[in-house]
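Notes to accompany the following structure.
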Amino acid sequence: LRSYLRDESSRLRRLRRFYEKVQELHEDPEASVDNPLLAFSLIKRLHSDWPNIIYSDEATRNTQALHAGLREVEQELPGAEDLDGAAKALMRLQDVYALSVQDLARGVFQRAGHPPLYSPGRRASLSADDCFHVGKVAYDTGDYYHSIAWLEEAVSLFRLSYGSWNLEDRSSLEDALDHLAFSYFMAGNISHALSLSMEFLHYADPSNQRVSRNIAKYKKLLEMGMGAMDRWDWQGCHGPPPLLSPLHGLLGPFPPQPAPERLLHLSCSYETNSSPYLLLQPAKKEMVWIQPYVALYHDFITDAEAETIKGLAGPWLQRSVVASGEKQQKAEYRISKSAWLKDTADPVVRALDRRMAAVTGLDLRPPYAEYLQVVNYGLGGHYKPHFDHATSTKSPLYRMKSGNRIATVMIYLSAVEAGGSTAFIYANFSVPVVKNAALFWWNLRRNGNGDGDTLHAGCPVLAGDKWVANKWIHEHGQEFRRPCGADPHD
């Protein structure tokens, strides 16, 4: 684009010089006829100079070069799925962190009556066209709760700037009114749908037959009373056609804060875990919760190790999948990219495996543990409430033939500016992202049953780039390292 602007600017400067020369020569039209030199120049201009300027292919060459440049990088540019995913991410952040659409559009990340969750150094705002696109993604999936909020903001912003148009805009006030009217109708607010539809006819095409028919039906519904909605053939009304695709997922409301007495048994300590590996440099252990057992090990890895692991995983990152019956598939409730690293991938991975074995006291040799999974959560990246252990014997986790996942080690490879906490839903607590720390918990009770209190979620990343590395350790090989207790219910 920079090259195109430079070349086009040069071409336009030359064109302006030619124009100024012509303008100067025409200041005294009679002189140009009397003077044979000026007469010659005039005839030459009219015969050859003008056509050369008008039919120059320089502008075409510049445009072709711009198109060629785009084709070179086109495969690396975001696609429709990426754009829709970004729109869904904004809706997810809106829901989980209770943010208003109006504030979001102005670049403010704040819940009503609370301090800002995130204060960017440079505030960015959304245009009317941006808000329309987010609302359109919701509209196309029948999510009229979100489409109304975002399309309302789009209409408001379009009204403020009506009459001006940006080259990159693909929508207009008419588009926003059209989709908002039908969203209100589907949500049951017929009177508002009617007023917006009438405004659409006023601004856009007064002869639009589809909107005119909808107006007639809205009036009929209002005459019959709101209760007639169920009896009326509402499918006779038609909104603008959908173009885009599927939607968000909620993590739920913010969990209540734990009672003070639950915090009394929590402590911090230096731990060797009877391991020679930790004698000279004990692990910095913070007990986060008792039931379920959750511990956070601070400074578990170094900055250099974290960067090495991210660098190793980067080229192999693919959209994360989840277990679905006996298969694995992509799911809207897990938005991230992941890659798997064997311990042979790099000495850093091998050293990390030894460190995790020392801290947990468990056997991480294959097949007793899975490869290291490195996960990247980008814009609004999240993982809805789930268990790490399998809840069905048909789960793909059993293909390793080493039992269920007995424990999880999750290492935070990066910091985030806001969001991204690991929330334990039933236990009502969350652990924020602590760079270079490792979170550990038991997924199974000593009797081998899954611990229901370990239901957890990865909260959406509000600002930043979240990287984690997961190590899932299986039952087999741990029989003498974490034996069952005397109580069969333990």
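The values are calculated or read from the model by the stated rules, or taken from the named source; none is laboratory data. None of these values were measured; they are calculated from a predicted model. Quick reminder, even Gly has a Cβ in these numbers, built from the backbone with ideal geometry, and neighbours come from all protein chains shown. Ligands, DNA and RNA are stripped out before the accessible areas are found, and what is left, the full protein with its side chains, is counted by its heavy atoms. Shrake-Rupley method; radii C 1.70, N 1.55, O 1.52, S 1.80 Å.
Heavy-atom accessible surface of the chain, averaged per residue, reaches 55 Å², computed with a 1.4 Å probe. A simple charge model with +1 on the Cβ of Lys and Arg, -1 on the Cβ of Asp and Glu and nothing else charged puts the dipole of the stretch 332-376 at about 80 debye relative to its Cα centre. Compactness of the stretch 423-490 is given as radius of gyration and Dmax, 15.0, 47 Å, from Cα positions.
Charges at C-beta only: +1 for Lys and Arg, -1 for Asp and Glu. How large is the resulting dipole of the stretch 169-230 about its Cα centre, in Debye rounded to 20?
Its charge dipole is roughly 260 debye.
Please calculate the 1.4 Å probe accessible area of Met198, with all protein chains present, and give it to the nearest 10 Å². Counting only protein heavy atoms, the figure is 100 Å².
Here the chain is assigned +1 on the Cβ of each Lys and Arg and -1 on the Cβ of each Asp and Glu. Its dipole about the Cα centre then comes out at about 1240 debye. Pairs over the 29 Å Cα-Cα cut-off, from the set Lys342/Lys435; Lys285/Lys471; Lys285/Lys394: Lys285/Lys394.
Under the shape rule built on the C-alpha gyration tensor, where the axes satisfy a ≥ b ≥ c, the stretch 1-76 is prolate, since a/c reaches at least 1.5 and a/b is greater than b/c.
Counting Cα-Cα pairs of the stretch 88-132 in 10 Å increments starting at 0 gives whole-percent bin shares of 27, 59, 14.
Beyond 28 Å in Cα-Cα separation lie the following of the pairs Lys284/Lys310; Lys284/Lys401; Lys136/Lys310: Lys284/Lys401; Lys136/Lys310.
Summarised in one figure, the compactness ratio Rg/Rh of the stretch 100-203, Cα atoms and Kirkwood Rh, is 1.01.
With angles folded into 0 to 90 degrees, how steeply does helix 2-25 sit against the dominant principal axis of the chain? Use alpha carbons for both and round to 10. That works out to roughly 10 degrees.
Comparing Ala138, Gln94, Gln110 along the charge dipole axis of the stretch 94-172, the residue lying farthest to the positive side is Gln110, per the Cβ-charge model.
A value for semi-axes √(5λ) of the Cα gyration tensor in Å was derived from the coordinates, and within the list [x] 59, 35, 20; [y] 36, 26, 24; [z] 39, 26, 20 it appears as [x].
For the chain, the carbon plus sulfur part of the accessible surface works out to 54%, probe radius 1.4 Å. Name the residue from Leu157, Leu312, Phe387 whose Cα lies farthest towards the positive end of the charge dipole of the chain, charges +1 on Cβ of Lys and Arg and -1 on Cβ of Asp and Glu. Ranked along the dipole, the leading option is Phe387. Within the stretch 395-490, the chymotrypsin sites (Phe, Trp or Tyr not before Pro) that combine a DSSP coil assignment with at most 10 other C-beta atoms in a 10 angstrom radius are Phe480. Once the C-beta distance of Arg123 and Ser3 is scaled by a Förster radius of 35 Å, the resulting FRET efficiency is 0.65 to the nearest 0.05.
In this structure Asp175 has an accessible area near 60 Å², from a 1.4 Å probe over the protein heavy atoms. Placing unit charges on each Cβ (+1 for Lys and Arg, -1 for Asp and Glu) gives the chain a dipole about its Cα centre, and among Gly69, Leu12, Gly450 the Cα reaching farthest toward its positive end belongs to Gly450. Between Lys284 and His489, the distance separating the two model label sites (each 7 Å from Cα on the Cα→Cβ line) works out to 4.0 nm. Between helix 209-224 and the chain there is an angle of about 60 degrees, using the helix long axis and the longest principal axis of the Cα atoms.
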